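Everything on this sheet refers to the single structure shown next.
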Amino acid sequence: MNIRKDDTVLVTSGKYRGKKGKVIRAFPALNRIVVQGVNLRKRHRRPSKDLPQGGIVEAEGPIDRSNVLLICPKCSKPTRIGARKLEDGKKARICKKCGEAIDK
Ligand SMILES: [Zn+2]
């Protein structure tokens with residue numbers, strides 16, 4: 001999976017289509033990500049230290065990686081991701097639109 005935590009993505013399908021947000025969690029093994037403000041679910045929470053009263057809170061649910069496109073930090077367009085091998089043997093993610101490396 002080539003989407004990582006702290007990437008900014010554009011949702012391309014479903015109820016949240018067109019919405020942009022930051023990836024707050026990534027589950028590479030499941031190909032699922034959690035995007036800030038996307039797929040809000042009401043969760044019924046028991047009282048805890050953070051939430052002494054308990055009750056219903058809204059929290060993001062995971063969505064499938066295939067329903068988002070990465071927003072390139074260089075050209076700020078939604079793009080697919082390519083890969084390029086660097087001299088040191090590591091792989092860098094590449095924006096298919098502008099060809100720039102996404103990670104520094
Ligand atoms: Zn780009």
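Values as computed for the structure displayed
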quantity: Gaussian network model of the chain, Cα within-10 Å springs - most flexible of 89, 37, 18; calculated: 89
quantity: Dipole of the chain, positive end: most advanced residue of 89, 39, 53 [Cβ charges, Cα centre]; calculated: 39
quantity: Theoretical FRET efficiency, 1/(1+(r/R0)^6), r = Cβ-Cβ of residue 85 and residue 36, R0 25 Å, to 0.05; calculated: 0.20
quantity: Linear extension gain, residue 22 paired with residue 76, 0.36 nm per residue minus alpha-carbon span; calculated: 18.1 nm
quantity: Sequence-distant aspartates and glutamates (8 or more away, or on other chains) whose Cα lies within less than 17 Å of residue 90; calculated: 100, 103
quantity: The chain - charge dipole about Cα centre, Lys and Arg +1 at Cβ, Asp and Glu -1, debye rounded to 20; calculated: 200
quantity: Entries of 22/74; 15/74; 5/91; 20/85; 15/49; 42/96 with Cα pairs more than 26 Å apart; calculated: 15/74; 20/85; 15/49; 42/96
quantity: Centre separation in Å (Cα based) which lies between region 20-55 and region 62-78; calculated: 19
quantity: Heavy-atom accessible surface of the chain: percent carbon and sulfur, 1.4 Å; calculated: 47
quantity: The chain - accessible surface per residue (Å², probe 1.4 Å); calculated: 70
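The values are calculated or read from the model by the stated rules, or taken from the named source; none is laboratory data. Note that the structure is predicted; figures quoted are calculated from it, not measured. Glycine gets a Cβ as well: all are built from the backbone with ideal geometry, and neighbour counts include every protein chain shown. Quick note on the areas: whole protein, heavy atoms, side chains included, nothing else; ligands and nucleic acids left out. Shrake-Rupley method; radii C 1.70, N 1.55, O 1.52, S 1.80 Å.
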